[in-house]
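Undergrad: The structure is given below, and queries will be raised subsequently.
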Amino acid sequence: MRKVMIAPSLLSADFGRLAEEIREVEAAGCDALHIDVMDGLFVPNITIGPLVVRAVRKVTKLPLDVHLMIQDPIRYVRDFHKAGADWITIHVEAEKDVRKCLHEIKKQGAKAGISLRPGTALEAIEPYLPDLDLVLVMSVEPGFGGQSFMPDQVTKIRELRTKFSKRISVDGGIDPQTAVRVLEAGADILVAGSAIFGKPDRAKVLREFREVTRKYS
Ligand code: DX5
Ligand code: ZN
């Protein structure tokens, strides 16, 4: 068994004091930082670009897990990698030439991930599984933090685990309670925004997460 990773999603952090927020979760022992990039097109929200990723890169050694919720992500792979992204995850629904885009991510030297909306069937990503380091299963509709976990995505995780031996990440509505369900199904990266940054004591909530993951690590 490999270590389950906990990746706080910066979307729910206080952007006015981002460096402090990052130091706090890093000191509390998280394993990576999840960065949500939205373009107002693939999803209705607009968040951050390579400029902010570069700023984040300067204040932490943690792996940066960049989740591109943007149309035609191939256009920006290079910029995000240059800015410091270690993992680059694209949406299967957003890219015309998925294979080419995954190749581009690897060519840049990043780890390649693919994500799928809750309504997208696993079949849509199956042809790409051999090329992937990570699959990010969305357990909310992408676009906003703080939504409720969709329990029907657990079946997808369980099925994916039988077909894919690399990392399975779950994103949306993850807290120490819902984490148990996705870990049981075979996920091994927990992305959590509001459950971590929405709490005043981040060390405490990360301890609660770690307690849950211990059984699966
Ligand atoms: C939503 C983003 C998530 C978001 C999760 O589109 O991909 O990473 O930050 O937020 P919570 O953990 O609050 O559901
Ligand atoms: Zn995300």
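The values are calculated or read from the model by the stated rules, or taken from the named source; none is laboratory data. The model shown is predicted, which means the values in this text are computed figures rather than measured ones. All Cβ positions, even for glycine, are placed from backbone atoms using ideal geometry, and neighbour counts span all protein chains on display. Each accessible area value is taken on the protein alone, full model and side chains, heavy atoms only, with ligands, DNA and RNA left out. Shrake-Rupley method; radii C 1.70, N 1.55, O 1.52, S 1.80 Å.
Undergrad: Residues of segment 150-166 being within 16 Å of ligand 2 (Cβ to nearest atom) and surrounded by fewer than 20 Cβ atoms within 10 Å (Cβ to Cβ), which ones?
TA: Within segment 150-166, just Met150 meets the criteria.
Undergrad: Taking the condition more than 14 Å from ligand 2 (Cβ to nearest atom), farther than 30 Å from Val59 by Cβ and at pLDDT 95 or above, does Thr178 pass?
TA: Answer is no for this residue.
Undergrad: Which of the residues belonging to segment 125-148 are open to solvent by less than 30 Å² (accessible area, probe 1.4 Å), in a loop (DSSP other than H, G, I, E, B) and in contact with a helix residue (DSSP H, G or I) (Cβ under 6 Å, 6 or more places away or on another chain)?
TA: Listed by number, the residues that qualify are Ile125, Ser139.
Undergrad: Of the residues Gly186, Gly173, which is within 12 Å of ligand 1 (Cβ to nearest atom) and modelled with pLDDT of 95 or more?
TA: Answer to the check: Gly173.
Undergrad: Mind listing just one residue for me: the one in segment 105-124 that is touching a strand residue (DSSP E or B) at 6+ places or on another chain (Cβ under 9 Å) and part of a helix (DSSP H, G or I) and, of those, surrounded by the fewest Cβ atoms within 10 Å (Cβ to Cβ)?
TA: Ala124
Undergrad: Continuing with this model, one more query. Are there any pairs with C-beta distances below 6 angstrom linking a residue in segment 4-30 that is closer than 22 Å to Ala85 by Cβ to a residue that is more than 16 Å from ligand 2 (Cβ to nearest atom) and open to solvent by 50 Å² or more (accessible area, probe 1.4 Å), with the two at least 6 apart or on different chains, and if so which?
TA: Once the first residue is closer than 22 Å to Ala85 by Cβ and sits in segment 4-30, its partners that are more than 16 Å from ligand 2 (Cβ to nearest atom) and open to solvent by 50 Å² or more (accessible area, probe 1.4 Å) give Val4/Ser217; Glu21/Asp14.
Undergrad: Then there's this: With the condition being open to solvent by 20 Å² or more (accessible area, probe 1.4 Å), I'd like the strands (runs of 3 or more DSSP E) fully within segment 10-95 carrying at least 1 qualifying residues.
TA: By residue number, 87-91.
Undergrad: Further question: Out of all the residues in segment 184-206, which are in contact (Cβ under 8 Å) with a residue 40 or more places away in the chain, open to solvent by 10 Å² or more (accessible area, probe 1.4 Å) and farther than 23 Å from Thr155 by Cα?
TA: Hits for segment 184-206 are Ser194, Phe197, Gly198, Arg202, Ala203.
Undergrad: Here's a follow-up. Determine if segment 47-59 includes at least one residue that is without any contact (Cβ under 8 Å) to a residue 40 or more places away in the chain and within 14 Å of ligand 1 (Cβ to nearest atom).
TA: Yes, segment 47-59 contains a residue that is without any contact (Cβ under 8 Å) to a residue 40 or more places away in the chain and within 14 Å of ligand 1 (Cβ to nearest atom).
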